[in-house]
Every structure is written in structure tokens, then in C-alpha cells.
Amino acid sequence: MDLNYTAEDLAFRDKVRAYLEANLPPDLQQKVLNHKRLSREDFVRWHKILAKQGWVATGWPAEYGGTGWTPTQRHIFEEECARAGTPAILPFGVNMVAPVIMAFGNQAQKDYYLPRILSCEDWWCQGYSEPGSGSDLASLKTRAERDGDHYIVNGQKTWTTLAQHADMIFCLVRTDTGVRKQEGISFLLIDMKTPGITVRPIIMLDEEHEVNEVFFDNVKVPVQNLIGEENKGWTYAKYLLGHERTNIAAVGRAKRELQFLKRIAAKHQKNGQPLINDAVYASKVASLEVELMALEITVLRVISQDSGRPGPEASLLKIKGTEIQQRLTELMVEAVGPYGLPFDPAFLEGETEHSVVGDDDAAPLAPYYFNFRKTSIYGGSNEIQKNIITQMILGL
Ligand SMILES: Cc1cc2nc3c(=O)[nH]c(=O)nc-3n(C[C@H](O)[C@H](O)[C@H](O)COP(=O)(O)OP(=O)(O)OC[C@H]3O[C@@H](n4cnc5c(N)ncnc54)[C@H](O)[C@@H]3O)c2cc1C
């Protein structure tokens, strides 16, 4: 197995790097590099810039407007975006619902939704989890009852990321209660402007409005918004979760954050010396760097072995990737100590240029630390990933 990039890969990397240098707006870049919050407009702006270049849908086949890149090229692109500090392309449309529409949708659904996802005309959110149905997703209770040409949807979704901005939600709904729980689920596309939908914010530990509860009260959804066959939604849902896991290790961002960590640890002092010279702190940074290098090699092994869509190894990448991300935020907070404590929302939201409470580098770090507690929960909690590893890899 050769884990080195070929000359073509390196030429591709240089092309991506040059493009990002020329096209990433500096104000967006500064927000990302400095851990500021991004608005809906920020995400949409970057999506539209990449769409113009034809580089939004790196995992789609070329026939639908994707790049048709190899897994290695996709990896290089993600690495370069992380290195440069681009906003993310949000996964809900491009990486989640689009592959399901391509694989199981009818022609009319493909023709209508896919171009709108590419151009960011529709902002999508994911309606899977419900109160009491997260890890045990198949127990979900939101009902969809057929009434002529419509389904009438009643129930509640929760933890719905950025639903406050969404035009569309893809939902798992129960269409049959008399069968095994996995067999009575369907996959519906629902327009968020339909009467009967209420979105309520859930404010996270860092005071950010990132997730929501979404309530459905007699919401009328046209039958043509059903994906595939009624009661086959569980199959489509599992297919989607396989796609959710691409770039789950987020190695590129962790590499950038490690450099940031080293910079702030060189700037902040302990006993009159730069903290990075403190033997105990330096050894914590070094162990993390070793873990990160090992993760990077593992990601490259996965890419070189198959089509770039990891199977159960994705669970391993998710656990290690999120542990490293969380550890980075812990060491950042440790580096800045009390300077990270004051909470300055105006600075975080980009309303003021400098933090009123001290060092600009330090001000966002406590909210960043709190926000990243989520990573071991979402996308299938790390405990659930460990169950998958014991069953699918270790065969226990
Ligand atoms: C920030 C954030 C954003 C999210 N965004 C979305 C979204 O956009 N759309 C969406 O549909 N969902 C979203 N989720 C929901 C997410 O998928 C669920 O939170 C996750 O699946 C866990 O489910 P739960 O919260 O119901 O916890 P539970 O399933 O109740 O789990 C509680 C605890 O018990 C543990 N546990 C549960 N079952 C087992 C088991 N069998 N073995 C060992 N341990 C177990 C879990 O690991 C966890 O620690 C988001 C969550 C967060 C935190």
C-alpha cells in the first residue's frame, strides 16, 4: 500500500490551493480561522462561490453536476479547504439527502431537487431524531397518514441543526404501526413553509442557536414528496447515514487547529516562560499530535483500500476524530486560562472587530470548547460507534 501522493495528486493539490487563495473571501476566512460564528449568508455565499467553479458536490457523479473526483482528490480538496479556513459546505443537502434522491428518488424528484441543492436555492435540514428516539432511531413516532393525494404529518423532531434557516426538511415518519418498527418507516421531503410546522430554538451550552425542535401539527405533504416506496424508509435512512460519514475524521481541520494551539501556547506565559516550553503542557500537545498523525494515516489507508466510503471503519474514524477535536479545544482553554472566561457574544457574532474583554484569540475559545461537546453525540454517539466496532469489526 502506497500512502504517498502521486505527481498528479500534487498537481491537483496545487490547483485547489491556488483557487482557494484567489477566491476565498478574506472576511469569511478570518471568521473561520478565528472561531467566530457564521451566519446563513456566510454559508450561502461560500456555497455559491464554489458552485460557480463546479466544486460543491465533490461526491456526486458528473452526470448530476458533481466533480466526479476520485476519493483521493476529494480528500485533498477537503484538506485544502480546512487548511485555508473555508466555511463548510453544509452536509444536509449535498451529502445527505442528494445521494438518497439519486439512488431512490424518481426522475421528477431528481430533476427538481438536485439542481436546487447544487445552487443552494434550498437549504435542507435533517428530521431524524425525536425525543426518545436518537440512538434507538427506529422507535420514532412522528406519524404520516395517507389522505388522498397527501400525507397528514403529526409529531415532533428534535436537535434539528439550523432548521431555523431551512427551506426543506427530509423526515423519517411512521406510516405503519402494525409491523416490526423498522418496517413501518417512510422517507418524506417536507417544505418548511407548510402550515402546521413550528420551529423552536434549543440554545446550546455556548449560547448559540444551532439546533431546534420542529413540531408538525396536521401538516399536509403531497404524496409525490415520498422517496421510493412507502415503508422502505429505513433502508434509505441507513444508506444516507453511510454518506454522512465521509470526512467524519476531519483531520484537515484538526491539523489547522493544532497549529493554532501551538501559536497561542507560544504567546501565553507560565512562570514567566511561554507555555509551550512547559514540559507537562508540551507533552500533552505532543501526544495529541501523535494521535492526529496516526489518525491521518488511518484515513489514508481507508481511502487507498476502497471506494472512499468506509464501512464499519467509519466508526473508528468518528471516535478518534471527535476525541482529537475535543482534546484540542480542551488544550486551547487550558492555554489561555482565565482570558478564555469572559463571554463576548458581539465579538463572536462579528458585530465588533475586537473583543472588549481581552485577547481576540482567547475570547472565542470557551464557547468553542463547549460547542464541541456535541461531536461525540451527533452523527451516532461514540458509545453507539463502539457497539458497531464490537459487532462488525471484532465480531463479538
Ligand atoms: C449538536 C447536535 C446536532 C444534531 N443535529 C441533528 C440533526 O440535524 N438531525 C437529527 O435528526 N438529529 C440531530 N442530532 C441528534 C443526534 O443524532 C442524537 O442526539 C444522537 O443520535 C443521540 O441520541 P439522543 O440524544 O436521543 O441520546 P440517547 O440515544 O438517549 O443516548 C443517551 C446516552 O446513552 C448512550 N446510549 C444509548 N444507547 C446506547 C447503547 N445501546 N449502548 C451504549 N450506550 C448507549 C448514548 O451514547 C448517550 O450517551 C443532533 C445532536 C446534537 C447534539
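The values are calculated or read from the model by the stated rules, or taken from the named source; none is laboratory data. Nothing here was measured: the structure is a model prediction, and the numbers come from that model. For neighbour counting, all protein chains shown are included, and Cβ atoms are generated from backbone atoms with ideal geometry for every residue, glycine included. These accessible areas exclude ligands, DNA and RNA; they are computed on the full protein's heavy atoms, side chains included. Shrake-Rupley method; radii C 1.70, N 1.55, O 1.52, S 1.80 Å.
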Quiz item: Quick one: what Rg and Dmax do you get for the chain from the alpha carbons, in Å?
Solution: 21.9, 75
Quiz item: Once both axes come from the Cα atoms, what is the angle between helix 251-267 and the longest principal axis of the chain, in degrees from 0 to 90, rounded to 10?
Solution: 30
Quiz item: Could you give the dipole magnitude of the chain about its Cα centre, charging the beta-carbon of Lys and Arg +1 and that of Asp and Glu -1, in debye to the nearest 20?
Solution: 500
Practice problem: Pop a pseudo-label 7 angstrom from the Cα along the beta-carbon direction at both residue 48 and residue 135 and give the gap in nm to one decimal. | Solution: 4.3
Exercise. Quick one: compute the contact order of segment 1-80, relative version, from alpha carbon pairs under 8 angstrom and 6+ residues apart, as a percent.
Key: 28
Self-check item: Among 142, 196, 221 the positive-end extreme of the charge dipole of segment 117-250 (Cβ point charges)
Solution: 142
Exercise. Any chance you could run the full-extension gain for residue 10 through residue 39? It's 0.36 nm times the residue separation minus the Cα-Cα distance, nm to one decimal.
Key: 7.1 nm
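Accessible area per residue, 1.4 Å probe, Å², for the chain: what's the number? If you can, show how the numbers build up before the last one.
Details: 18580 Å² over 396 residues.
For the chain, the solvent-accessible area averages 47 Å² per residue.
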Practice problem: Pull out the extension gain between residue 389 and residue 267, defined as 0.36 nm times the separation in residues minus the alpha carbon to alpha carbon distance; nm, one decimal. | Solution: 39.8 nm
Exercise. With no solvent and one equal point scatterer placed on each C-alpha of segment 1-63, evaluate the Debye formula and give log10 I(q)/I(0) for q = 0.13, 0.16 Å⁻¹, two decimals.
Key: -0.50, -0.71
Quiz item: Taking 0.36 nm per residue of separation and subtracting the Cα-Cα distance, what length does fully extending residue 176 through residue 2 add?
Solution: 57.6 nm
Quiz item: Excluding same-chain residues fewer than 8 positions from residue 232, which aspartates and glutamates have a Cα within less than 16 Å of its Cα?
Solution: 145, 176, 183
Exercise. Could you name the lysines whose alpha carbon sits less than 24 Å from that of residue 52, not counting residues in the same chain fewer than 8 places away?
Key: 15, 31, 110
Practice problem: Step through the residues of segment 39-50 one at a time and calculate ³J(HN,Hα) from phi using the Karplus curve (6.51 cos²θ - 1.76 cosθ + 1.60, θ = phi - 60°), rounding each to whole Hz and writing x for Gly and Pro. | Solution: 8, 4, 4, 4, 4, 5, 4, 5, 4, 5, 5, 5
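Give the carbon-plus-sulfur fraction of the accessible surface of the chain in %, rounded to a whole number; probe 1.4 Å, heavy atoms of protein chains only. Before the final figure, lay out each step's value.
Working: 9850 of 18580 Å².
That fraction is 53 percent.
Could you work out the relative contact order of segment 290-370, using alpha carbon pairs under 8 angstrom and six or more residues apart, expressed as a whole percent?
Values: 54 pairs, mean separation 20.5, N = 81.
Relative contact order of segment 290-370: 25 percent.
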Quiz item: Under the definition of Cα pairs under 8 Å and six or more residues apart, what whole-number percent is the relative contact order of the chain?
Solution: 15
Exercise. Can you pull the one-decimal nm distance between simple spin-label points at residue 145 and residue 373, each 7 Å off the Cα toward Cβ?
Key: 4.0
Practice problem: Compare the Cα positions of 370, 274, 304 along the charge dipole of the chain (+1 at Cβ of Lys, Arg; -1 at Cβ of Asp, Glu; about the Cα centre) and return the one farthest towards the positive end. | Solution: 304
Self-check item: Calculated SAXS-style log₁₀ I(q)/I(0) at q = 0.10 Å⁻¹ - segment 1-137, Debye, Cα scatterers
Solution: -0.40
Quiz item: Karplus couplings for segment 381-387 from phi (6.51 cos²θ - 1.76 cosθ + 1.60, θ = phi - 60°), rounded to Hz, Gly and Pro as x?
Solution: 4, 5, 5, 5, 4, 5, 4
Practice problem: Scan segment 192-287 for GluC sites (Glu not before Pro) in coil per DSSP, keeping those whose Cβ has at most 14 other Cβ atoms within 10 Å, and list them by number. | Solution: 207, 229
Self-check item: Distance histogram for segment 161-258 (every C-alpha pair counted, 10 angstrom bins, percent rounded to whole numbers)
Solution: 13, 31, 36, 15, 4, 0
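To the nearest 0.05, how large is the calculated FRET efficiency for residue 239 and residue 278 if R₀ is 56 Å and r is the Cβ-Cβ distance? Spell out each step's value before the answer.
Numbers: r = 49 Å, r/R0 = 0.87.
The formula returns an efficiency of 0.70 here.
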Exercise. Provide, in order from the shortest bin, the percent of all Cα-Cα pairs of segment 204-322 in each 10 Å bin, continuing until the bin that contains the maximum pair distance.
Key: 10, 24, 25, 22, 11, 6, 2
Quiz item: Over what distance in Å are the Cα centres of segment 296-360 and segment 157-226 separated?
Solution: 28
Practice problem: Would you mind checking the tilt of helix 233-244 against the longest principal axis of the Cα atoms of the chain, expressed as 0 to 90 degrees and rounded to 10? | Solution: 20
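Using the alpha carbon gyration tensor of segment 321-396, what are the three equivalent-ellipsoid semi-axes (square root of 5 times each eigenvalue), largest first, in whole Å? All intermediate terms of the calculation are to be shown ahead of the outcome.
Values: eigenvalues 248, 30, 10 Å².
Over the Cα atoms of segment 321-396, the ellipsoid semi-axes are 35, 12, 7 Å.
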